[in-house]
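Peer 1: My structure is below; once you've seen it, I'll send some questions.
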Number of protein chains: 2
Amino acid sequence: MTVLAIDIGGTKLATGVVNAAGELISEHRTPTPPDGDAEAIWSALVAGVEQALDGAGRPPLEAIGTGCGGPMHWPSGVVSPLTMHGWRDFPLRSRLQEQFGVPVRLHNDAVCVAAAEHWRGAGQGRANMLGMVVSTGVGGGLILGGQLHDGATGNGGHVGHVVVDPAGPPCRCGGHGCLEAIARGPAVAEWAVRQGWDDGEHTAAAVTVSARAGNEIALAAITRAGRAVGIALASTVALLDLEIVCIGGGLAQAGDLLFGPLGEAYTEHAGVHYARTPRVVPAALGQRAGLIGAAALVLAGERYWHG
Amino acid sequence: MTVLAIDIGGTKLATGVVNAAGELISEHRTPTPPDGDAEAIWSALVAGVEQALDGAGRPPLEAIGTGCGGPMHWPSGVVSPLTMHGWRDFPLRSRLQEQFGVPVRLHNDAVCVAAAEHWRGAGQGRANMLGMVVSTGVGGGLILGGQLHDGATGNGGHVGHVVVDPAGPPCRCGGHGCLEAIARGPAVAEWAVRQGWDDGEHTAAAVTVSARAGNEIALAAITRAGRAVGIALASTVALLDLEIVCIGGGLAQAGDLLFGPLGEAYTEHAGVHYARTPRVVPAALGQRAGLIGAAALVLAGERYWHG
């Protein structure tokens, strides 16, 4: 079975063809048209799909799996990605179905990353796993009892809104003290700048470079984010009795700078016996995880698709 | 099918006979022998079982469902309840099986309460639910996608160790800032006493009575616990995309004194759109929930038993 995989985010439109073994036969990336209207984004996506199909020698297409930034109505696949203002209530799933004439499955992009890490990455063989992405936002997906947990509205696994500090900063969700309000990339950069840091572009990537070079404020900014992730994971693992947590996304590239304080905060808070043993590891699949997980919605639907 | 149900805690040994409709045909309660050794507790339990069987006219027994305080090895049912020092690594499941010659299923007592509320109580018909107990400890169980979530070691749903304040008090688990460290009954009473409250026995029940009578410190103590529960639920609902939360246990008897501040803290923190709608309600089955849920492990095993 050959599946077209699509991974849609605020900065890139990724498309690929995936075989039944979960291998990417072709892959194409194009920037998301900045400030594009609904049809401009759609046209860029369709062009990207054609490129991916060409790259794979135009195999007969049997189905499409898609990951897209949230929020969305699920499983209907009507999407309004936070970072893509051109798509508001855009009927992505049905548009793809009409355009390409094959069944389409669609889920949150972070859920697809979690499915990928479980199917072919760092979480293989574990029945209870959180896969999370620390990037512009903080998202995730849960595998529980070997099955993807969708939740009532398809938002299961959204670890970014676990409260890590009830007195913490406001979150764009309307709450405050959420993990995302502290650990998402832009929040890390903003915090560093507010503390007087000015050693590069105001991005989490630049803060990471500066921290590696020994800048104290940059180090403190990554440490603060890492501790917030550790606290959220202590809560999550205690609540769900997980075996493993896989962490991907831009900020995970900070490596030990992030995972060190993360592990310390986790150990301080995860006191209950069964929460002491799970492994917290970097994701294994890198930027291909989104496409592989989108394909998993189809190719391993018995575990990852209940739409 | 007739099932013997057992619910074992630090203060009471409850036994009952339950028919296939989930109705208690007979019920017996006896105090847990205080400071009893392993065999003294066991003898009291067996005597309680005989009483329950007598009360139901000694029906032919087909299976036993049991809830017991944790921690335990699951599903083997070797138990070491925190509040029963006489049982350490007590092989409860196999002892029951030998004694009564029928299959035995056993789970955490708070998990049984959650199963009961889903099967016959306030959570009926909802696919994604947390059932929690706020009592001497704070425990719970999760129904996700219509199935009980066990977790890797049977501890899924243990909401008591969600971190609600990273700077909060030490918890008996070894962590700190856990929900249980703030909201469990003895912690509520201790906090009130430390603030100068001395208007009754040093128990959460007395604090509740005093709060109802308008005592400011007692009110603040219940409010503090309620807010802690609200924060933990904001995290839990955001993470799992739940439809309903049912709250039972002694402190839930405080009614609006608890649920008022709980709802306020929940609303402050649960900003993400899908977390704004779930209902947080009192449990419906009262003190019978433990027995009914123990029976559900057998009578509705397709949903509540994966051991």
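Peer 1: Once you sort the root eigenvalues of the Cα gyration tensor of the range A:1-154 as a ≥ b ≥ c, which label holds: rounded (a/c under 1.5), prolate (a/b larger than b/c) or oblate (the other case)?
Peer 2: Verdict is oblate for the range A:1-154.
Peer 1: From the Cα gyration tensor of the range B:105-155, with a ≥ b ≥ c the square roots of its eigenvalues, which class applies: rounded if a/c is under 1.5, or else prolate if a/b is larger than b/c, or else oblate?
Peer 2: Taking the square roots of the gyration eigenvalues as a ≥ b ≥ c, the range B:105-155 is oblate.
Peer 1: Taking the Cβ of B:ALA284 as the center, what net charge do the other residues with Cβ under 14 Å away carry, scoring Lys and Arg +1 and Asp and Glu -1?
Peer 2: Summing Lys and Arg as +1 and Asp and Glu as -1 gives +3.
Peer 1: Shortest first and in nm to one decimal, what separations exist between B:GLN253 and its copies in the other chains, measuring from label points 7 Å along the Cα-to-beta-carbon line?
Peer 2: The answer, with the shortest distance listed first, is 5.8 nm.
Peer 1: Round to a whole angstrom and tell me the spacing of the C-alpha centers of the range B:100-141 and the range A:218-245.
Peer 2: The two parts, judged by their Cα centres, are 28 Å apart.
Peer 1: Can you list the distances in nanometres, one decimal and ascending, from the A:PRO34 label point to the identical position in each other copy, with the point 7 Å along Cα to Cβ?
Peer 2: Shortest to longest, the spacings are 7.3 nm.
Peer 1: Note the distances from B:VAL209 to each other copy's matching label point, with points 7 Å along the Cα-to-beta-carbon direction, in nm, sorted shortest first.
Peer 2: For B:VAL209, the other copies' label points sit at 6.8 nm, shortest first.
Peer 1: Convert each backbone phi in the range B:147-157 into a coupling constant with the Karplus relation 6.51 cos²θ - 1.76 cosθ + 1.60 (shift: θ = phi - 60°), then list the ³J(HN,Hα) values in order as whole Hz, x for Gly and Pro.
Peer 2: Those phi angles translate into 10, 4, 9, 8, x, 5, 10, x, 9, x, x Hz.
Peer 1: Let me ask you something else. Given the rule -39500 (n - 2.57) for each run of at least 4 DSSP H residues, summed and divided by the residues of chain A, what is its mean residue ellipticity at 222 nm, to the nearest 500 deg cm²/dmol?
Peer 2: The per-residue figure over chain A is -11500 deg cm²/dmol.
Peer 1: How high is the relative contact order of chain A, in percent, counting Cα pairs under 8 Å that sit 6 or more residues apart?
Peer 2: Once divided by the residue count of chain A, the mean separation gives 19 percent.
Read the figures in this text as sums done on the coordinates, not as results from a lab. Predicted model only: the values in this text are computed from it and were never measured. Don't worry about glycine lacking a Cβ; one is built from the backbone with ideal geometry, like all the others, and counts go over all protein chains shown.
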